[in-house]
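Written below as structure tokens is the structure these notes are about.
Only the coordinates and a few stated rules stand behind these numbers; no lab work does. Note that the structure is predicted; figures quoted are calculated from it, not measured. All Cβ positions, glycine included, derive from the backbone under ideal geometry; neighbour counts span all protein chains shown.
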Amino acid sequence: MDKGLLVVISGPSGAGKGTICKKLLNDMDDIKVSISATTRKPRIGEVEGESYYFLEKEQFLEKIENEEFLEYAQVYGNYYGTLKKEVLKEIENGKNIILEIDIQGALEVKKNYPSGVFIFILPPSINELKSRIEGRGTDSKDTILKRMDCVYDELGYAFQYDYVVLNDDINSAVEKVYNIINAEKLRSIRNQALINKIKEV
Ligand code: 5GP
């Protein structure tokens, strides 16, 4: 492939994006998940530089000022952003990068990077989504209500993505994303160097 793929995975909170990305990381050795920056406080078990780069609001605003973000958004009252340094050079060097980001961020990336692959993860139902978020036990009641309020609007954005993947069974959802990535790697437009090489011989 000429360059690495930029794969953007988003969807409502609780749809299972995080779990899908973790499994893809385990299963595919040519893929890397971009670590985002956030002003959200770490949850129990989250590790600086692995889960996120946890920043104070002033540090985040400074990075916005210095144009260090490919995209950033305010999600449920906190800032989240994708750092250019996590993505752009890596793609030029042929690495496939996954962004697990919210819908506003994904649409921003689509404007600036239309050759990315945009995948929307659908939950099996709104009720199931609610029980998954509650079951995580990581969010306050207030945060859960905020997240649920957004879901109906968020589902409407699915049409702006290239693919939708229903996450009613985690293994089958991961397999579908895996198949999308593998098919996208074979697109003729991404393999001009290969075609030219064969023409030369
Ligand atoms: P959480 O607080 O549960 O880790 O993430 C909340 C939401 O922020 C999720 O929908 C997640 O996909 C999104 N998010 C995580 N990193 C980024 C990022 O770099 N940019 C944007 N726009 N959203 C992000």
For the chain, longest principal axis from Cα atoms; helix 141-156 axis from its Cα atoms; angle between them, nearest 10 degrees, is 40 degrees
For the chain, take the longest principal axis of its alpha carbons; what is the angle in degrees between that and the long axis of helix 103-112, to the nearest 10 within 0 to 90?
30 degrees
Farthest toward the dipole's positive end in the chain, which of ILE44, LEU24, SER34, given Cβ charges of +1 (Lys, Arg) and -1 (Asp, Glu) about the Cα centre?
LEU24
Report ³J(HN,Hα) in whole Hz for each residue of the stretch 28-34, in order, from the Karplus equation J = 6.51 cos²θ - 1.76 cosθ + 1.60 where θ = phi - 60°; Gly and Pro get x.
10, 8, 9, 10, 9, 8, 6
Collect residues whose amide H, placed 1.01 Å from N in the peptide plane, falls under 5 Å from the amide H of TYR79; neighbours closer than 5 in sequence don't count.
THR39, ARG40
Listed here are the pairs LYS32/LYS176; LYS84/LYS141; LYS23/LYS110; which of them are more than 29 Å apart at the Cα?
LYS84/LYS141
Residue span ILE64 to GLU128: 0.36 nm per residue of separation minus Cα-Cα distance leaves a gain in nm of 19.4 nm
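If you take the square roots of the eigenvalues of the alpha-carbon gyration tensor of the stretch 6-200 and sort them as a ≥ b ≥ c, do you get rounded (a/c under 1.5), prolate (a/b over b/c) or oblate? Walk me through the intermediate numbers first.
Details: a/c = 1.90, a/b = 1.32, b/c = 1.44.
Oblate is the answer for the stretch 6-200, as a/c is 1.5 or above yet b/c matches or exceeds a/b.
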